[in-house]
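Take a look at the structure below.
The values are calculated or read from the model by the stated rules, or taken from the named source; none is laboratory data. Please read these numbers as outputs of a predicted model, since none were measured by experiment. Cβ sites come from the backbone with ideal geometry, for glycine too, and all protein chains shown count toward neighbours.
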Amino acid sequence: MRTVGRLLSVGDGRRLGNWEAKLPEDRDQVWLLPNRCFPEGQSVSRDCLLEAVGDDARILAQEVGAIISEKLDANLGSTSSGGQDEGLKRGFNLVFDGFSSRDYRDMEDYLTIFSGYVRHRPTRSSHLTHEIWYESTIKTSRLERNLHKMMELLEIPYVLKFSGNTYTIKAKNLRQERRSSGQGKKYKW
């Protein structure tokens, strides 16, 4: 049994490495199924066979995954000496639900000054809902902190939910007037 892993650069298709892990091929040791896989008077239990193979495959996959993780960290690094986020570009789905167009435009200004910002594009828009694809090298924890800070500076009541790569920011209620805040530019995002 063997497991193969390959690390590719998504940006340019460059191969960063291949790795393989396999069970030891010791002629004195033979890979055996557990006795429970051979119920008396019946054929080999398929479920037991899959479980036994899966246990060894998991170990091999963890070995390859650890090697690939180390190589990825070495190639991209997580932060530079200046503390800026850099390296792997990630895509996030940001959904702004229940906000007026004016509120969304104000939020969009902040999104472009967050550290690691690469680009964004609208994917869906209606009167009170705006959804964008947001590309950045920022870590998810920092993006979440920045979203909270942005909403606090804009003085908009909200609820933030996160699942997978989707952040949903939902308005608690729509306000008629709020003061315009240009203060965000002075904060380190």
Take the stretch 99-132 and flag every residue that is outside any helix (DSSP H, G or I) and in contact with a Leu (Cβ under 9 Å, 6 or more places away or on another chain).
99, 100, 114, 116, 117, 120, 128, 130, 131, 132
Residue under question is residue 10, and the condition is that it be modelled with pLDDT under 80, assigned to a loop (DSSP other than H, G, I, E, B) and closer than 30 Å to residue 124 by Cβ; does it hold?
yes
So, in the stretch 14-33, exactly how many residues are loosely packed, with under 10 Cβ neighbours inside 10 Å, assigned to a loop (DSSP other than H, G, I, E, B) and either touching a helix residue (DSSP H, G or I) at 6+ places or on another chain (Cβ under 7 Å) or at pLDDT 75 or above (or both)?
1
Filter pass, residue 155 being modelled with pLDDT under 95, at positive phi and not assigned by TED's automatic domain parsing to the domain that holds residue 10
yes
Going by the structure shown, is residue 160 surrounded by 17 or more Cβ atoms within 10 Å (Cβ to Cβ) and either at pLDDT 90 or above or in a strand (DSSP E or B) (or both)?
no
